[in-house]
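The values are calculated or read from the model by the stated rules, or taken from the named source; none is laboratory data. All figures in this text were calculated on a predicted structure; none of them were measured in a lab. A quick note on method: Cβ atoms are made from the backbone with ideal geometry, for glycine too, and the neighbour counts reach across all protein chains shown.
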Amino acid sequence: QSALTQPPSASGSPGQSVTISCTGTSSDVGGYNYVSWYQQHPGKAPKVMIYEVSKRPSGVPDRFSGSKSGNTASLTVSGLQAEDEADYYCSSYAGSNTLVVFGGGTKLTVL
Amino acid sequence: EVQLLESGGGLVQPGESLRLSCAASGFTFSTYTMNWVRQAPGKGLEWVSSISGDVATIYYADSVKGRFTISRDNSKNTLYLQMSSLRAEDTAVYYCARGSISKAYFVYWGQGTLVSVSS
């Protein structure tokens, strides 16, 4: 069982927006502004899409945005495109003992 | 261009050992913290271990502590993961990743190497 809870699946039609949640505790998501989101296509390595809750690395489309409220972080993908269909994982810093925790992943389907 | 290339994966029996390598290029290897992250078949990601650029700081996940050893050779731009007392639950694709453990932010990833533990 993963430390962070994500819905197993999400879906939307091209052009629509979809939000994926990532729920933790005050010891991880709620305690630090160090939440990252990763996109993973089948058979490929993960790619970071969001870091430090809401920052986008260079090259990531601004259709991807992140936010956090309390113990829950969210990834929103606006203007869905076919290539956005992938698995998405969240991660959070969890303090000096546990260090890093991941969510179980969400499979995003573009209908 | 940053490149990370893992090698050393394979099929081993429970209790055996294996050493993974990750050859890095395109950046000043010695100045960056490096990490191992794994993914069991059909499962999510799990952080395994981290080592600072100067080798002064090393961390392990509880699931591998005492069995796995992370190391690096900055003269060869190579990261290692020595795995011993392997268990079936260690079966996974092992990724080498450059990133900040204190920010849970892994910027660059290798393509991964598959470790299968089975009798």
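At-a-glance table
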{"item": "Meets criteria (in contact (Cβ under 8 Å) with a residue 24 or more places away in the chain, surrounded by fewer than 18 Cβ atoms within 10 Å (Cβ to Cβ), in a loop (DSSP other than H, G, I, E, B) and acidic (Asp, Glu)) for B:Glu89", "result": "no"}
{"item": "Wholly within region A:59-101, strands (runs of 3 or more DSSP E) carrying at least 1 residues that are at pLDDT 95 or above, of a type in the set (Phe, Trp, Tyr) and over 18 Å from A:Ala45 (Cβ atoms)", "result": "A:86-93"}
{"item": "Verdict on B:Trp109 being surrounded by 15 or more Cβ atoms within 10 Å (Cβ to Cβ) and at the interface with chain A (Cβ under 10 Å from one of its Cβ atoms)", "result": "yes"}
{"item": "Subset of region A:18-57 that is under 16 Å from B:Ser100 (Cβ atoms) and of a type in the set (S, T, N, Q) - its residue that is surrounded by the most Cβ atoms within 10 Å (Cβ to Cβ)", "result": "A:Ser36"}
{"item": "Residue among B:Ala88, B:Ala23 that alone is away from every other protein chain (no Cβ under 14 Å), modelled with pLDDT of 95 or more and within 30 Å of A:Pro7 (Cα to Cα)", "result": "B:Ala88"}
{"item": "Whichever residue in region B:35-68 is closer than 18 Å to B:Val115 by Cβ, under 12 Å from the mean Cα position of the chain (by Cα) and away from chain A (no Cβ under 11 Å) and, among such residues, is surrounded by the most Cβ atoms within 10 Å (Cβ to Cβ)", "result": "B:Trp36"}
{"item": "Failed criterion for A:Gly43 (all others in (1) in contact with a helix residue (DSSP H, G or I) (Cβ under 9 Å, 6 or more places away or on another chain); (2) of a type in the set (Gly, Ala, Ser); (3) without any contact (Cβ under 8 Å) to a residue 12 or more places away in the chain hold)", "result": "(1)"}
{"item": "Sole residue being at the interface with chain B (Cβ under 10 Å from one of its Cβ atoms) and either closer than 21 Å to B:Val107 by Cα or touching a residue at least 40 places away in the same chain (Cβ under 8 Å) (or both), chosen from A:Tyr88, A:Tyr34", "result": "A:Tyr34"}
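Every residue, every condition in (1) free of Cβ contacts under 8 Å to residues at least 40 places away in the same chain; (2) under 30 Å from A:Pro7 (Cβ atoms), yes or no:
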{"site": "B:Ser30", "(1), (2)": "no, no"}
{"site": "B:Trp36", "(1), (2)": "no, yes"}
{"site": "B:Gln39", "(1), (2)": "no, yes"}
{"site": "B:Gly53", "(1), (2)": "yes, no"}
{"site": "B:Ala56", "(1), (2)": "yes, no"}
{"site": "B:Asn74", "(1), (2)": "no, no"}
{"site": "B:Leu79", "(1), (2)": "no, no"}
{"site": "B:Val93", "(1), (2)": "no, yes"}
{"site": "B:Ile101", "(1), (2)": "no, yes"}
